[in-house]
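The values are calculated or read from the model by the stated rules, or taken from the named source; none is laboratory data. Not measured: the values here are computed from a predicted model. Positions of Cβ are backbone-derived with ideal geometry, glycine not excepted, and every protein chain shown enters the neighbour counts.
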Amino acid sequence: MLRNPSEYLYSYYNQLVFNSAETISDFKTAYNLQDSRKEGLNLTKGNKMPKLLYYKEVGRLGSQLERLLKVFPLNQVHVILMDDFKKDVGKEYMKVLNFLDLPNDNRSEFPVINPNKVHRSKKIVSIKKTKFAKTVRQIKNSLGFENLALMEKLHQWNTVEKKREPLELEFRNELVEIFTPEVEILENILKRDLSHWKK
């Protein structure tokens, strides 16, 4: 599933913040740090996959699809555009079933699976990474309380859905300009007019 790279990256960044893989609280600042991060600077403590923070690379959707199609022919790849998915989820779902040669399960409800989320408290998030949390898990397991799920319940309480703040217009326009060549690659491959992604 592909979407406008500037929208996708902002959503991706927010997911990294939620997962504590990104600690910079401003997307533009985090985006502008990627060159120094490639040199091993300004990395999130304990981040074992710094490439997750190379936003420009992550957003190169056209180039990534091009690479994929060097391995698999287009008739073996089903591409969905987020625009189409939002417009008619059921229709796109049926296309996936047809592509996979699966029968219709007559599903009519498609709940949102991964809405934008934030933490009520960053301190609670940090507890999960401490020796205390590890010790609690070890004691719980040794006493046979694997299903007690205290940390999981704390995580659930600490998680709330929140509408994402709009991306600052000037920075959004900058991203649109940066990723226009990638959108053009997608237009060429998919034979779709994606000019609204370049505005």
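Candidates in segment 160-199 are the residues that are touching a strand residue (DSSP E or B) at 6+ places or on another chain (Cβ under 7 Å) and among the aliphatic types (A, V, I, L, M); of these, the one that is farthest from SER11 (Cα to Cα) is LEU186. Assessment of segment 51-67 against the conditions (part of a loop (DSSP other than H, G, I, E, B) and more than 25 Å from GLU174 (Cβ to Cβ)) yields no matching residue.
Contact annotation: residue pairs with Cβ atoms under 6 Å, 6 or more positions apart or on different chains, pairing a residue in segment 34-48 that is over 14 Å from ASN19 (Cβ atoms) with a partner that is of a type in the set (Gly, Ala, Ser) and surrounded by 11 or more Cβ atoms within 10 Å (Cβ to Cβ), are ASN42/SER36. When segment 14-34 is limited to residues that are among the hydroxyl-bearing types (Ser, Thr, Tyr) and crowded, with 17+ Cβ neighbours inside 10 Å, the one that is modelled with the lowest pLDDT turns out to be SER20. Does at least one position in segment 90-98 carry a residue that is in contact with a helix residue (DSSP H, G or I) (Cβ under 7 Å, 6 or more places away or on another chain) and either more than 27 Å from ASN173 (Cα to Cα) or surrounded by 15 or more Cβ atoms within 10 Å (Cβ to Cβ) (or both)? Yes, segment 90-98 contains at least one residue that is in contact with a helix residue (DSSP H, G or I) (Cβ under 7 Å, 6 or more places away or on another chain) and either more than 27 Å from ASN173 (Cα to Cα) or surrounded by 15 or more Cβ atoms within 10 Å (Cβ to Cβ) (or both). Picking from residues in segment 1-32 that are among the charged types (D, E, K, R) and part of a helix (DSSP H, G or I), the one that is farthest from ARG164 (Cα to Cα) is LYS28.
Could you identify the single residue in PHE110, PHE85 that is closer than 20 Å to ARG3 by Cα, hydrophobic (A, V, I, L, M, F, W, C) and surrounded by 15 or more Cβ atoms within 10 Å (Cβ to Cβ)? It is PHE85.
Of the residues making up segment 35-53, just one is of a type outside the set (Lys, Arg), surrounded by fewer than 17 Cβ atoms within 10 Å (Cβ to Cβ) and within 23 Å of PRO181 (Cβ to Cβ), namely ASP35. Could you pull out the residue among SER108, SER20, SER11, SER6 that is small (Gly, Ala, Ser) and more than 14 Å from the chain's Cα centre (by Cα)? Exactly one of SER108, SER20, SER11, SER6 is small (Gly, Ala, Ser) and more than 14 Å from the chain's Cα centre (by Cα), namely SER108.
Aromatic (Phe, Trp, Tyr) and without any contact (Cβ under 8 Å) to a residue 60 or more places away in the chain: does that describe TYR10? No: the conditions fail for TYR10.
Could you please find all residues in segment 102-127 being under 22 Å from LYS91 (Cβ atoms) and at pLDDT below 85? Across segment 102-127, the qualifying residues are PRO111, VAL112, ILE113, ASN114, PRO115.
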